[in-house]
Amino acid sequence: MPRLHFKGKVFVENHHLTVPYHELLPVREKGLSEKASLHDNLIVHGDNLAALKSLLPTWHGKVKCVYIDPPYNTGNEGWAYNDNVNSPLMQNWLGEVVDRDDLTRHDKWCCMMLPRLKLLRELLAEDGAIFVSIDDNEVHHLRCLMDDVFGEENFVATAIWQKVFSPKNTAKYFSEDHDYVMAYARRIGAWRPNLIMRSERATGRYKNPDDDARGPWSSSDLTARNFYDQGTYEVTSPSGKKFKPSVGNYFRVSPEKFAFQQLPFQIYEVIERLDR
């Protein structure tokens, strides 16, 4: 598998093992319960690397879902590399603000992320997953780091999050309207997304104008781009005109199911039942 190489990687690959364990000390005036417990809802204030290490004894292999929003490394965030790694190179980095003129800003970002991702992997349950927000500045490096730590076979998807709804007409090149949310499973064979219940608004899209005994329905596109070996048959419209899917598209149902639906007037639509 291709590996990402960057300055300082050799010094941080096992840095998460050398980070000392810290005791979590409850701040009672900021809590909602009289008795502090690591099994209650927690807000941990402190260095994130130390915080992750402090959670490890109690939560190792038990966390179902992780979401992190690391620095995007735009060069305008004012973040500084602060991991006290035993290396002259890394010692020279300590406390220096990472800006766009820093020729090692991508190296520093990767060095900051790697030990944290490794600790997060240790916290995840077998059926857990991690989601990471990022933008164009580091999305390519993040994908390589995540492949390295979690295994490329555990990649789930990169979701698009639309952050701008009005195009920026003043953009020099293109209007950048979205960020990314990268998702990896701890073990892809064990993880499944928890689907949300259908909302009343979505249910309202299903009607029954023809009093079909099978209940409310909605029409949807009958074609798809995924290959289906029975999906290239010909259908005849009420006018006698014959149709086939366009090149690269396929009907989603077999000829037998299409005939069963009895929809000669809706050539490119198929019934989608509310109870599916």
Checklist line | Selection count, region 110-138, where residues are among the hydrophobic types (A, V, I, L, M, F, W, C) and farther than 12 Å from Trp59 by Cα | finding: 11
Notebook entry, point to check: Ala157 fails exactly one of the following numbered conditions: (1) more than 30 Å from Asn82 (Cα to Cα); (2) touching an Asp or Glu at 6+ places or on another chain (Cβ under 9 Å); (3) aliphatic (A, V, I, L, M); (4) at pLDDT 95 or above. What is the number of that condition?
Noted result: (2)
Margin query: Given the criteria under 27 Å from the mean Cα position of the chain (by Cα), modelled with pLDDT of 85 or more and either farther than 30 Å from Glu122 by Cβ or assigned to a strand (DSSP E or B) (or both), does Phe174 qualify?
Written below: yes
Check: For region 197-208, does any single residue satisfy the condition of being modelled with pLDDT under 85, farther than 30 Å from Cys65 by Cα and among the aromatic types (Phe, Trp, Tyr)?
Finding: no
Notebook entry, point to check: Looking only at residues in region 81-100 that are among the aliphatic types (A, V, I, L, M) and loosely packed, with under 15 Cβ neighbours inside 10 Å, which one is nearest to Val19 (Cα to Cα)?
Noted result: Leu94
Notebook entry, point to check: Can you tell which of Asn137, Asn73, Asn82 is over 20 Å from Val12 (Cα atoms) and not acidic (Asp, Glu)?
Noted result: Asn137
Next item on the list: Pick out the one residue from Gly31, Gly46 that is touching a His at 6+ places or on another chain (Cβ under 9 Å), surrounded by 11 or more Cβ atoms within 10 Å (Cβ to Cβ) and assigned by TED's automatic domain parsing to the domain that holds Thr104.
Entry: Gly46
Next item on the list: Out of the residues in region 203-236 that are under 36 Å from the mean Cα position of the chain (by Cα), hydrophobic (A, V, I, L, M, F, W, C) and part of a strand (DSSP E or B), state the one that is farthest from Tyr250 (Cα to Cα).
Entry: Trp217
Next item on the list: Quick one: which residue in Leu195, Leu142 is surrounded by fewer than 11 Cβ atoms within 10 Å (Cβ to Cβ) and under 29 Å from Leu120 (Cβ atoms)?
Entry: Leu195
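The values are calculated or read from the model by the stated rules, or taken from the named source; none is laboratory data. Just so we're clear, the structure is a prediction, and the values are computed from it rather than from any experiment. FYI the Cβ positions are ideal-geometry reconstructions off the backbone, even for glycines, and counts take in every protein chain you see.
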